[in-house]
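Working notes for the structure below.
The values are calculated or read from the model by the stated rules, or taken from the named source; none is laboratory data. Since the structure is predicted, the reported quantities are computational estimates derived from the model, not experimental observations. Each accessible area value is taken on the protein alone, full model and side chains, heavy atoms only, with ligands, DNA and RNA left out. Shrake-Rupley method; radii C 1.70, N 1.55, O 1.52, S 1.80 Å.
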Amino acid sequence: MTTLIDDRRVRARDASPARYFYLHMALACAATAFLGFAPTYWVPLAHRTFSASPVIHFHGLLFFTWTLYFVLQTWLAASGRVVNHRSLGIAGVSIATAMVIFGFFASVTSMKNAAAVGQADAGIAFSIVPLSGIALFAVVFVLGIMNTRRPEIHKRLMLLAAVSILDAAIARWFLTFLAPPGPPGPPPVPVTIAPAVVAALLLGVAMVRDWRTEGRVHPVYIYGTLALLAVKVLNWPVSETAAWHAFAGGILALAQ
């Protein structure tokens, strides 16, 4: 009887309104991902005017599946269904692993497409953006899995992982509505910094919530946001180095 009462208390605590904050954040991430890619992927796909290799399509499917999976997991946790939440954890590991693999393949495909239109150097330079992004996601996700028994850290790392890949969706709106028409090929690396800053605003919301409810900002948000922005800013100078061109160029050479 005591065990049943304690379990009900845990479920009631986990289902409290404050727990739904992470569900709302997950819904915001999913909406950002969908709306961000709507003008350049979903709408053209619906009108059958979008053409890309199967790798790009599967890459997009995996990344959007992740956002839906994140919504489901946060809903399970918020409603007190922790056992179900943990049972589905292995599915998240599988999806994230596939995301890393196909994120790499999609980056290589983009380099090959850039080379095909005479923009090989630009493609090699820009490849640092998706490759560093998927690497950051992988590191944060692994840290999140390692901290499943520490829910205050785990849930913040999962939110950080979700936000870390939103800059690509936000960048589509920058390119669609703000960027002037240009030659075919990838955009300059510096233009990816602003979308990353916009994505980080979601973490700013989480920081404000921490400050109001906990009286302090959790270190995961502080160090995670700094790491996310540092990666995006450092992409620019690193992409112009001979070392990066040798590394990414070698990958491109192997793929061709």
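Quick rundown of the values:
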| quantity | calculated |
| --- | --- |
| GNM result for the chain, Cα springs below 10 Å: residue of Phe177, Phe137, Phe105 fluctuating most strongly | Phe177 |
| Convex hull of Cα atoms in the chain, direction-averaged projection (nm²) | 15.1 |
| DSSP H segments from the chain that extend 20 Å or more along their own axis, Cα-based, with Kyte-Doolittle mean of 0.0 or above | 20-37, 54-78, 89-116, 128-146, 193-214, 219-239 |
| Along each principal axis, Cα extent of segment 21-139, largest first, Å | 54, 33, 22 |
| Choice from Arg212, Arg156, Arg81 with maximal GNM fluctuation in the chain (Cα, 10 Å cutoff) | Arg212 |
| Residue-level accessible surface for Ser94, protein heavy atoms, 1.4 Å, Å² | 70 |
| Relative contact order computed over the chain (Cα-Cα under 8 Å; 6+ residues apart), in percent | 22 |
